[in-house]
Amino acid sequence: MAANEHKNLSSANRHNPKGFENATNDTILGKNEGSSATGTDGNLEWQGKSYMGVTNYKMQGYITTALTNYTYGEDINDNKSPFQMDIDYGTDTVSSGSISPTNFFRIGQACVIPETATVASISGWITSNNANDVTIALCKLTPVEGNTTSVVPTVIDEITVEGLNNNSKGIRINETTITASSVLAGDIIFPMIKEASGGSTIYMNLIIQTTTF
């Protein structure tokens, strides 16, 4: 075996990785996504350390009398906030409605995304005291500074489960196939809830995980 193999060279005689000289400071070498079915054709890329990591957002709430329309969290100025989700969205389809800035800035469970990221998973538990289908919609919207116009939220993902007719029986949520996973710095994400027949008491306790790598 040759004595001058790369592994046998001293540090002073080893070259830096490809692209090192032109890479900006505080970056890490990785491999980008590529497009092959095997997931192996990505190219080397230097990415800022600030984009590496995982963030978890807790979203917990309940409704005592679910509607067939979507509902979302109470205004933070109301003593029912942040957990009660009884504001009627007015429709059972997210794309058919809108929310004014007066309302969406004050949703109890709403979280502001601090950096461009990808929603990687939605996990946790839901309970219902009936056996009807329950749907949780994780939504995002992008506020425009100084704009008072209502905004139509975008569905990041919708999850439908069947209630177990007992609020002591949890229904596990573990969603990793996300419909529209991209979120931008400054986006607001929040949950909405609806029921196929209406009238149930529903509780949810979810963790939304985003990644920046």
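Each reported figure results from applying straightforward, stated rules to the coordinates on display, with no laboratory input. What you are looking at is a predicted structure, and each value in this text was computed from that prediction instead of being measured. Cβ coordinates were reconstructed from backbone atoms using ideal geometry, including for glycine residues, and neighbour counts include every protein chain displayed.
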Rounded, prolate or oblate for the range 60-137? Axes are the square roots of the Cα gyration tensor eigenvalues, ordered a ≥ b ≥ c, and the cut-off for rounded is a/c under 1.5. rounded
Whole-Hz Karplus ³J(HN,Hα) for the range 24-31, in order, using 6.51 cos²θ - 1.76 cosθ + 1.60 and θ = phi - 60°, x for Gly and Pro? 6, 5, 6, 10, 10, 7, x, 10
MRE, 222 nm, helices only [DSSP H, n ≥ 4, -39500 (n - 2.57), over the chain, to nearest 500]: -500 deg cm²/dmol
So, relative contact order of the range 6-49 in percent, Cα under 8 Å, 6 or more apart, is 33 percent
Most mobile listed residue (Asp75, Asp157, Asp26) in the chain, GNM with C-alpha springs under 10 Å: Asp26
Interchain or long-range residues, amide H under 5 Å from Ala131's placed H: Asn165
At a 10 Å Cβ-Cβ cut-off, how would you order Tyr89, Tyr70, Tyr62, fewest neighbours first? Tyr62, Tyr89, Tyr70
Gly199 long-range amide H proximity, modeled H, under 5 Å: Ala66, Leu67
Rounded to whole Å, give me the distance from the Cα center of the range 11-54 to that of the range 68-85. 44 Å
Whole-Å distance linking the alpha carbon centroid of the range 160-180 with that of the range 97-134 is 14 Å
Please enumerate, by chain and number, the aspartates and glutamates with C-alpha under 18 Å from the C-alpha of Lys31, excluding those fewer than 8 residues away in the same chain. Glu21, Asp41, Glu45
For a quick check, take a GNM of the chain with Cα springs below 10 Å and name the residue from Ser150, Ser35, Ser181 with the largest mean-square fluctuation. Ser35
Under a point-charge model restricted to the Cβ atoms of Lys and Arg (+1) and Asp and Glu (-1), what is the dipole moment magnitude of the chain relative to its Cα centre, in debye to the nearest 20? 600 debye
Within a Gaussian network of the chain (alpha carbon springs, distance under 10 Å), most fluctuating of Phe190, Phe104, Phe20: Phe20
